[in-house]
Each structure stands twice: as structure tokens, then as C-alpha cells.
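Asker: Submitted below is the structure of interest, expressed as C-alpha cells.
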Amino acid sequence: MAYKDLREFIAQVDGLQALRRVNGADPRFEIGGITEVAAGLPECPALLFDDIKGHARGFRVFTNATSNAQRAALALGIDPSLKPLDALKAWMGKRQALKAHSPVAVKEAAFLENSQRGADVDLSRFPAPYWHRKDGGPYIGSGSLVVMRDPDSGWINASIYRVQVHDQNKVTVQFDHAGRHGAIIAKKYWEQGKPCPLAIVNGEDPALFIAGFEYLPSGQSEYDFAGAIKEAPIEVYAGPVTGLPLPAHAETILEGELLPPTAETLLEGPFGEFTGYYAADKRPCPVMAVTAVHYRNDPILLGSPPMKPPRFHFGLPFRAASIWSNLESAGVSDVVGCWQHVSQLMTVVALKQRYAGHAKRAGMIAAAHSYMGRLVVVVDDDVDPSNLNDVMWAVTTRCEPSEQIDIVRNAWSSALDPRIPPEDKARGITSHSKAIIEACRPFGWLDKFPPTSALSHEEASAIAERWREALRGT
């Protein structure tokens, strides 16, 4: 059954016995530290923090919402019992058949259970964590939607941007670069000499969270995409201050105006990135003057800080699904799986070799679509690309480095890449090299390669199913 809001999703996670409750943690480094440690555990539990130090009981933080494959599948409306690769394939099928559902306006909103305006706004009542030791301040927005309306077309953009708290009624919104939709929309208002009306949604449901991370085309609404995931329209309510359509079942809403940089900026950051490093120091950032805050009783902040890999926002690698589709669109046959490890920085393609050069062709195409990733590995169809141990077995037993590793230079990366020299970044050079590793049995002597002693995927699955209770000790 689809969840209505974040609370129903948390209840479903609890039903899977994947939720841990943590009381008494300090928002300064401790919540972030516990989140990171938990994300590195084999079971990778979701966490619900309460009785947070310095804050009233009931003001809660929920983390690791979708950071393993089971909960990512649950958020997407896919069977959470599926194996990771099967869940990703199911998402590919669902993604291709998605039908947009436009949001519907409702007359009541759960987030209006409490409201403060003007001088009564005090963001310090909310437990915004310092997620990493060297962060520049508390971040209420690590998984929050920033909602804006294009002044020309009326298009509603609701993307994920990081939000740092600076004062009781001031936050900064970091758009990353001038090409992001939020930055483009804000600039249109500023060029007219106006502040940009803005709302920040803290504690949206996971479908909206996933939609906010999607790189949708200009003019396409994240609300429509989230509705497609849930197969039902998102219910929205007009913000009392901005008039923006806001998710009616959200936990907390900030309303106000994003001021032109000529009026005010504040130094934002630094903030730990998904690479496990810091990418920039403090820098001037647009300021949102928060004129109203609305929140449910016992509000929940959805936190999703970037962490050291392999921890990531999502337990299913959505970009791997896109690469899988790219391979099929290019006519590469017999691809049986695609996955990404180390927070998208290593791509693995599994295929059944049909001809000489088949693996190389797949590796080149995957490399062209692997954002920031330095490693692309191609394996045979008897290797599970989602299992890093299985992949490394193939690398160490089927790849002859002098013959099966190619280097592609001047390839696609990012300013977030910690290995690119600072002087190159200063000149706008953000390319790197990629290694394409063919960890496949050589096609020229496939029939002579030693047979494996391991169980096939099908055999292992059948045994695991038959002896499940004995193996789990139940």
C-alpha cells in the first residue's frame, strides 16, 4: 500500500524491522556521526531521533530513509523483498511506464497545525544538525525540497538544495551552480528588482525526496514525477505567505523570500560532499528571509547528509539504471545487469558475451555516461554486478591488466572531484581519466577457460529459498 506521508513510510520501515529509535543525541556532530556509523552497518538501519539535546521532545530527525536497497524499493512502490539487482530492473520497467499525476489542491494542510510569523519565527526550535565535523554550520536542509515558481511560465520547481541555518529567521540556499533550475528562476526575479518567493519543505515523503534529486527537464514538475511514483496525485495546499503549492502532508514548511545578492549574502559552508571530502571553503550565498514557519505536531526533519562512500542517499543506483538503458538504446545486446558502487564512482556492467569486442563496446559506452566515476568494470553474466565481492573475484581471476585495461583521458568529471588539482579547478578544468577494466573471460578462448566451481545464481537462489529458515536460525 502506498504511503501518504513521511510518517506512514516510517511506519512501513518499522514493519520491516528496519527502524532504530535513538534518544538523547546531540545535533552538533552526534546525530550525523550516528547516522554515518549506522549507514555502514550490514543491516544499514533507518534512524528516528527524539529527545534531542537542547530541543523539546517530539522535535525529531529521521535519517537513512532510503539508503539501502530494501527501503529504496519501498519508497519506489517496488517489492522490498526483491534482490537489489532485480529491484533496480523492476524500477527500470516502472520508470519507462510512469504516467504523470498532476498535483491536486486540498482545503486543509497537516503542516498548519502550528504556525509562526514575523518576529515569532525562531528556527532554533528545530534540531538542525551539524552533520560533519568541519561543516560551516547547522543544516536544516540536507534532504529538503526548495519550492519556486518560474515568473514567466508559472512552472513549479521543487528540487533538493542544501539549506544552512544562520539566524533565527535567516537561511542560505546553495544552488551549486548557475545552471541549476533554482538558480535560473531566482535570477529572473532578481533581474526584475524583486526578491524570489520561496518555500522550503522539510520532511516530505520519500517519493518527493526522490523526485527532488531527479534531473528533470525544464518545465517538468517534480510533483508530477512523485505522483507517478506513488500512482496518485500529490496533495498540495497554497502557502499562506507565498501562495506556492506545498505538499499538504509535509512535516515543516519555511516560507519567505530569497533576497537578491545585491541586497544580502552570507558565507555558506563548507559542507561534506558525497565523495567523502570537502570540495570548497566558505563562499557568499543567497539569503532567504524566513517570514513564516509552519509545522505539524511532533515534526520530523528528513535528514540525508552526504557521507563517505559507499554510504549514499539511495540504496538503488538510479544512474546505473540510466546507463543500463543507454546501453540498450545503443544496441548493446545481452546486458544482464548494471550497478554502481562507491556512491556512483564505480560502474559495473554484466553481460553475456556474443562477439569479440562486445565487452569493450559496453565499457566505452558506460564510461561515457559515468559521471565522476574513474572505474568502469565489465563482467560476465555469471557475476552479480551488485555484489562487490563477486565483481572483485572476476577482476582478480579474469582480467589480465596488460591486455584488458584501457585508459580514457580528458573524461567527464566535476569540481567535486578531490583528485583534480586546485589550479586546474580554478581554470575551470574538471576532467579526469577513466579506467575501463574488462574482467571477462577472453572471448577468443571462452570454451577453454577453466569452469567455475561456484553455484550459479539460480542454484544459489533455490538453495537459499529452500533452507531459508535453517540459515536464518528461525
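The values are calculated or read from the model by the stated rules, or taken from the named source; none is laboratory data. Keep in mind that what you see is a predicted model, and the values were worked out from it rather than measured. So basically every Cβ, Gly included, is an ideal-geometry build from the backbone, and we count neighbours across all protein chains shown. For the accessible areas, the whole protein counts, side chains as well, though only heavy atoms, and no ligand, DNA or RNA atoms are used. Shrake-Rupley method; radii C 1.70, N 1.55, O 1.52, S 1.80 Å.
Asker: Please specify each residue of the range 285-308 satisfying the condition of being open to solvent by 10 Å² or more (accessible area, probe 1.4 Å) and in contact with a Pro (Cβ under 7 Å, 6 or more places away or on another chain).
Answerer: Answer for the range 285-308, where residues must be open to solvent by 10 Å² or more (accessible area, probe 1.4 Å) and in contact with a Pro (Cβ under 7 Å, 6 or more places away or on another chain): 286, 301.
Asker: Considering only the range 137-154, I want to know if a residue exists there that is assigned to a loop (DSSP other than H, G, I, E, B), among the hydroxyl-bearing types (Ser, Thr, Tyr) and modelled with pLDDT of 95 or more.
Answerer: From the range 137-154, those assigned to a loop (DSSP other than H, G, I, E, B) are 137-138, 142-144, 150-154; that's our starting set.
Of the ones still in play, those that are also among the hydroxyl-bearing types (Ser, Thr, Tyr) are 142, 144, 153.
Those left that are additionally modelled with pLDDT of 95 or more: 153.
Within the range 137-154 (the criterion being assigned to a loop (DSSP other than H, G, I, E, B), among the hydroxyl-bearing types (Ser, Thr, Tyr) and modelled with pLDDT of 95 or more), the answer is yes, since at least one residue qualifies.
Asker: Turning to a different aspect of this structure: Return the residue satisfying two criteria in turn: it lies in the range 155-174 and is part of a loop (DSSP other than H, G, I, E, B) and in contact (Cβ under 8 Å) with a residue 24 or more places away in the chain, and of such residues it is most open to solvent (accessible area, probe 1.4 Å).
Answerer: Among them, the one singled out is 168.
Asker: Still on this structure: Which pairs do you get when a residue that is more than 13 Å from residue 241 (Cα to Cα), found in the range 196-211, comes within reach of a residue that is part of a strand (DSSP E or B) and open to solvent by 10 Å² or more (accessible area, probe 1.4 Å), reach meaning Cβ atoms under 8 angstrom, with the pair 6+ apart or on two chains?
Answerer: 202/301; 203/301; 209/160
Asker: For the range 116-130, name all the residues that are more than 20 Å from residue 30 (Cα to Cα) and part of a helix (DSSP H, G or I). Before you say what the answer is, go through the steps one by one.
Answerer: First, the residues of the range 116-130 that are more than 20 Å from residue 30 (Cα to Cα): 116-122.
Of everything in the range 116-130, those that are more than 20 Å from residue 30 (Cα to Cα) and part of a helix (DSSP H, G or I) turn out to be 118, 119, 120.
Asker: Tally up the residues in the range 361-375 that are on the phi < 0 side of the Ramachandran plot, outside any strand (DSSP E or B) and within 25 Å of the chain's Cα centre (by Cα), please.
Answerer: The total comes to 10.
Asker: Looking only at residues in the range 403-446 that are in contact with a Leu (Cβ under 9 Å, 6 or more places away or on another chain) and surrounded by fewer than 19 Cβ atoms within 10 Å (Cβ to Cβ), which one is modelled with the lowest pLDDT?
Answerer: Once the filter is applied, the top-ranked residue is 430.
Asker: So in the range 367-380, with the set limited to residues that are more than 27 Å from residue 450 (Cβ to Cβ) and not charged (D, E, K, R), which one is most open to solvent (accessible area, probe 1.4 Å)?
Answerer: Only one residue fits best here, namely 369.
Asker: Output the residue which, of all residues in the range 99-124 that are open to solvent by 70 Å² or more (accessible area, probe 1.4 Å) and within 29 Å of residue 274 (Cβ to Cβ), is modelled with the lowest pLDDT.
Answerer: Ranking the qualifying residues of the range 99-124, first place goes to 100.
Asker: If the requirement is being out of contact with any strand residue (DSSP E or B) (no Cβ under 6 Å at 6 or more places or on another chain), open to solvent by 20 Å² or more (accessible area, probe 1.4 Å) and part of a helix (DSSP H, G or I), which of these qualifies: 12, 17? Spell out how you get there, then give the answer.
Answerer: Working: 17 fails: part of a helix (DSSP H, G or I).
Only one candidate passes the filter, namely 12.
Asker: Would you call residue 197 open to solvent by 20 Å² or more (accessible area, probe 1.4 Å) and part of a loop (DSSP other than H, G, I, E, B)?
Answerer: It is false that residue 197 is open to solvent by 20 Å² or more (accessible area, probe 1.4 Å) and part of a loop (DSSP other than H, G, I, E, B).
Asker: Give just the number: which of (1) modelled with pLDDT under 95; (2) on the phi > 0 side of the Ramachandran plot does residue 217 not satisfy?
Answerer: (2)
Asker: Within the range 60-111, how many residues are touching a helix residue (DSSP H, G or I) at 6+ places or on another chain (Cβ under 7 Å) and in a loop (DSSP other than H, G, I, E, B)?
Answerer: Going through the range 60-111 one residue at a time, the tally reaches 15.
Okay, residues lined up against (1) of a type in the set (D, E, K, R); (2) modelled with pLDDT of 95 or more; (3) open to solvent by less than 30 Å² (accessible area, probe 1.4 Å):
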| site | (1), (2), (3) |
| --- | --- |
| 1 | no, no, no |
| 8 | yes, yes, no |
| 42 | no, no, no |
| 46 | no, yes, yes |
| 53 | yes, yes, no |
| 66 | no, yes, yes |
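Asker: Within the range 338-360, is even one residue assigned to a helix (DSSP H, G or I), of a type outside the set (Phe, Trp, Tyr) and open to solvent by 70 Å² or more (accessible area, probe 1.4 Å)?
Answerer: No, the range 338-360 contains no residue that is assigned to a helix (DSSP H, G or I), of a type outside the set (Phe, Trp, Tyr) and open to solvent by 70 Å² or more (accessible area, probe 1.4 Å).
Asker: Could we say that residue 329 is at pLDDT below 95 and over 30 Å from residue 305 (Cβ atoms) here?
Answerer: When the stated conditions are applied, residue 329 passes them.
Asker: Among the residues of the range 214-252, write down those that are open to solvent by 30 Å² or more (accessible area, probe 1.4 Å), touching a Ser or Thr at 6+ places or on another chain (Cβ under 8 Å) and under 26 Å from residue 320 (Cα atoms).
Answerer: Matches in the range 214-252: 219, 224.
Here's the yes/no breakdown for (1) without any contact (Cβ under 8 Å) to a residue 40 or more places away in the chain; (2) on the phi < 0 side of the Ramachandran plot; (3) out of contact with any helix residue (DSSP H, G or I) (no Cβ under 7 Å at 6 or more places or on another chain):
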site: 434; (1), (2), (3): no, yes, no
site: 441; (1), (2), (3): no, yes, no
site: 445; (1), (2), (3): yes, yes, yes
site: 463; (1), (2), (3): yes, yes, yes
site: 469; (1), (2), (3): yes, yes, yes
site: 473; (1), (2), (3): yes, no, yes
